[in-house]
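All remarks here apply to the structure that follows.
The values are calculated or read from the model by the stated rules, or taken from the named source; none is laboratory data. Quick caveat: nothing in here was measured; it's all calculated off a predicted structure. Counting neighbours? That spans all protein chains shown, and the Cβs are built from the backbone with ideal geometry, glycine included.
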Amino acid sequence: MLFEKITYQDDFPINITIANIKEYPIHYHQDTEFVLVLKGEIALKNGYCTYTLHEGDIFTNSGHEVHSLMSTGEDNIVAVIQLSTHYFSQYFPDLTKACYRTYSNKGHTKKHDTLREKLLEILLQYSTRGFNYRSECTYMMVDVIKYVDKYFNLFAFDNDVVVNFESGNQITIDRISRIISYIYEFHSEQITLNDLADMEHLSTFYLSHIIKNYTGMNFREFLCFARVEWSEIDLLETNKKISRIARDVGFSTTSYYEKYFIKWFGTDPQTYREEHMPMVMSDIRKGIMELLNPNEAVSVIRKSLSSLSSQTPSNSHVSALKLELNVNTEAPLISTLDHYLEVLITLNDFRVLGYSIFGILQELNPRKVTVLTEPEDSLSDINRIKILLTSAGFEVGLNENSRAVHMAHYGYDSIAYPIFLFNRIINSKEAWIKVRLRDPDNNNNNDIIKGYPAAITSGGIKKPAFYAYQALSNISGEIIYWGKQYCVIRSYVAAQPHFIVICYNFNEQIYNLCLKESTAQNVKDVINDFKDEIDISMNMSIDQGMYNIIKYSLTKSNGIFSYLSTLNFPSELNMLHILPSSITTQPDLDVYTEDVRATFNINFSIKGAGVQLAIISPKE
């Protein structure tokens with residue numbers, strides 16, 4: 001079972017293992033793999049070479065390279081990152097032909113440190129299960145492949161060890177890369193120096209000089225090396241005769257094959273087969289490794305990233321708060337969360353929004369809809385809207401519209417209001433939550449946003465608060481953990497426990513934006529000046545099994561306030577009034593399934609003002 005078939009879960013084209021590795025037996029696969037040592041050291045065998053990789057070293061296995069990992073006796077933590085060649089070939093058509101070499105025996109260079117940082121960022125995003133982490137990891141991996149394609153798609157020989165070839169001449173790098181790829185692809189055929197010279201439009205003399213100068217071998221030696229290296233698969237995976245293997249990889253005679261095999265592997269093919277076949281990965285000989293739990297992995301990754309950080313003093317004063325919480329899901333309740341939403345509408349709301357008002361109300365899921373009446377409203381119009389709402393399944397009430405003057409608090413239109421609502425309402429003993437559906441029309445104010453505590457703008461665009469009210473109208477249960485930045489709610493559906501986690505990042509200034517009069521520019525400045533970060537890691541003691549996780553994220557960027565602040569708060573923007581549905585303000589969404597075998601870990605990472613909400617439910 002020399003060939004290892006890599007399984008990618010949930011259409012995620014990256015497979016990541018972070019572990020203390022005792023043994024990862026001899027194998028190969030068709031996909032590219034990065035091995036990054038996070039702590040300690042490990043021995044890596046690749047082809048005829050054996051390397052001792054130390055903390056910070058990166059080794060890249062391209063497809064069809066026979067390799068293994070073995071503990072040196074010293075503790076290690078190693079990240080193995082495998083990426084689907086099938087998936088990433090849509091971005092990099094020549095990925096299957098790549099021969100990446102990221103190992104250097106000359107110490108760490110700037111480009112190695114850059115690659116290490118890129119890989120560590122992927123590991124951190126994966127281990128913290130950051131919001132939409134699968135997409136983020138995939139985009140980041142595209143960037144990594146671009147980088148290694150540019151700087152590491154070439155190798156040379158240094159005292160019989162294969163290392164990354166370094167050159168400042170991009171033309172030479174591209175040329176040697178094409179030559180190596182061509183030799184590997186057609187190694188079993190009768191390739192000649194003339195073939196390569198014609199391909200590169202160079203004289204055979206000059207081409208021979210380039211190959212020797214930059215790989216350390218002449219053309220004939222390098223071709224034989226490629227053939228010998230490729231033969232290792234048949235040697236350890238099949239029972240083919242040595243003579244047959246020699247012919248299959250392109251050697252004219254068995255003795256010629258054995259000569260070059262001994263040159264690099266130090267022994268003849270048959271002896272090598274006898275010695276190494278027992279070390280091949282199989283059902284009997286499986287990998288021996290101890291996986292790190294997510295919190296341990298995150299700690300090691302952050303330490304590695306910290307060691308790479310620039311020594312240049314930073315003028316930034318960003319505060320980063322990290323919380324690690326162990327959540328006993330059977331903890332006694334602190335209080336009960338069970339609020340009812342009452343939405344207030346006017347006849348003018350119906351005239352402006354038309355029948356779309358019913359869909360908006362259905363999304364909010366109110367317990368009651370109250371029609372605010374004006375003295376000039378006709379009784380027939382009031383009865384008509386009441387009948388329509390009742391027919392749509394709403395409990396309907398009537399009330400006179402208050403003419404109270406509201407001071408403009410533009411925090412109501414921004415991310416500050418959902419933060420304020422979650423904090424206030426979760427701790428409130430009031431049974432009812434009231435909200436005006438739509439900003440009131442005002443002949444003296446044509447602004448798109450009006451600093452009013454409503455769920456949508458007068459033009460029908462959903463504010464960040466809309467989604468907070470929507471969540472609060474649908475969430476009920478037992479609050480079992482609560483803090484300034486988080487809340488854990490236990491709920492039961494068909495006797496099965498479900499959990500809702502809400503996390504928010506803010507400061508007192510942002511909270512106060514909804515308590516005092518503020519201009520739009522003032523709100524913009526306060527929110528943009530708040531750059532603090534929060535990372536909350538929760539270990540939850542839930543039963544083993546499959547769970548669906550749905551995560552929502554509201555940030556300062558995905559709201560109508562952010563769009564308008566970019567345009568410096570125009571008083572009118574016709575397109576917004578004409579096509580309010582074209583303005584996307586809904587939260588970012590991430591949905592995934594997790595197989596919980598021990599403690600379930602979920603992470604929340606928020607940069608700047610924002611709210612994240614997760615629903616964790618058993619998979620049916």
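Before we move on, is PHE152 of a type in the set (A, V, I, L, M, F, W, C), surrounded by 13 or more Cβ atoms within 10 Å (Cβ to Cβ) and modelled with pLDDT under 80? So that I can check it myself, show each step before the final result.
Values: of a type in the set (A, V, I, L, M, F, W, C): yes; surrounded by 13 or more Cβ atoms within 10 Å (Cβ to Cβ): yes; modelled with pLDDT under 80: no.
Taking the combined requirement at face value, the residue does not satisfy it.
From TYR552, TYR469, TYR511, which residue is surrounded by 14 or more Cβ atoms within 10 Å (Cβ to Cβ), outside any helix (DSSP H, G or I) and either touching a residue at least 40 places away in the same chain (Cβ under 8 Å) or aromatic (Phe, Trp, Tyr) (or both)?
On the way: TYR469 fails: outside any helix (DSSP H, G or I); TYR511 fails: outside any helix (DSSP H, G or I).
Every option except TYR552 fails the conditions.
Being within 30 Å of ILE433 (Cβ to Cβ), hydrophobic (A, V, I, L, M, F, W, C) and touching a Lys or Arg at 6+ places or on another chain (Cβ under 8 Å): is that true of LEU353 here? It would help to see each step written out before you state the result.
Working: within 30 Å of ILE433 (Cβ to Cβ): yes; hydrophobic (A, V, I, L, M, F, W, C): yes; touching a Lys or Arg at 6+ places or on another chain (Cβ under 8 Å): yes.
Yes: the conditions hold for LEU353.
Taking the condition of being surrounded by 22 or more Cβ atoms within 10 Å (Cβ to Cβ), more than 10 Å from LYS39 (Cα to Cα) and among the β-branched types (Val, Ile, Thr), how many residues in the range 56-78 meet it?
Within the range 56-78, residues that are surrounded by 22 or more Cβ atoms within 10 Å (Cβ to Cβ), more than 10 Å from LYS39 (Cα to Cα) and among the β-branched types (Val, Ile, Thr) number 3.
On the basis of being farther than 30 Å from ASN295 by Cα and at pLDDT 90 or above, does VAL80 make the cut?
Values: farther than 30 Å from ASN295 by Cα: no; at pLDDT 90 or above: yes.
Judged against the criteria, VAL80 is not a match.
Consider PRO440 carefully, then state whether it is more than 15 Å from LEU337 (Cβ to Cβ) and surrounded by fewer than 19 Cβ atoms within 10 Å (Cβ to Cβ).
Numbers: more than 15 Å from LEU337 (Cβ to Cβ): yes; surrounded by fewer than 19 Cβ atoms within 10 Å (Cβ to Cβ): yes.
Criteria met by PRO440.
May I ask you to list the residues in the range 514-549 that are hydroxyl-bearing (Ser, Thr, Tyr), at pLDDT below 90 and not in a strand (DSSP E or B)?
THR519
When the residues of the range 229-264 are filtered to those that are among the β-branched types (Val, Ile, Thr) and touching a residue at least 60 places away in the same chain (Cβ under 8 Å), which remaining residue is surrounded by the fewest Cβ atoms within 10 Å (Cβ to Cβ)?
Pass one, the range 229-264, residues among the β-branched types (Val, Ile, Thr): 233, 238, 242, 245, 249, 253-254, 262.
Adding the requirement that they be touching a residue at least 60 places away in the same chain (Cβ under 8 Å) leaves 233, 249.
On the way: ILE233: 17, VAL249: 21.
Among them, the one singled out is ILE233.
Please pick out the residue among THR102, THR172 that is assigned by TED's automatic domain parsing to the domain that holds HIS54, at pLDDT below 90 and of a type in the set (Val, Ile, Thr).
Criteria check complete, one pass: THR102.
Just a yes or no: is a residue in the range 399-421 more than 30 Å from CYS514 (Cβ to Cβ), assigned by TED's automatic domain parsing to the domain that holds CYS487 and in a helix (DSSP H, G or I)? First the steps, then the outcome.
Pass one, the range 399-421, residues more than 30 Å from CYS514 (Cβ to Cβ): none.
Among the residues of the range 399-421, not one is more than 30 Å from CYS514 (Cβ to Cβ), assigned by TED's automatic domain parsing to the domain that holds CYS487 and in a helix (DSSP H, G or I), which makes the answer no.
Which is out of contact with any Phe, Trp or Tyr (no Cβ under 7 Å at 6 or more places or on another chain), in a strand (DSSP E or B) and exposed (fewer than 13 other Cβ atoms within 10 Å of the Cβ), of THR390, THR370, THR336?
Only one candidate qualifies: THR336.
Answer yes if at least one residue in the range 28-41 is under 24 Å from the mean Cα position of the chain (by Cα) and over 21 Å from MET141 (Cα atoms), and no otherwise.
yes
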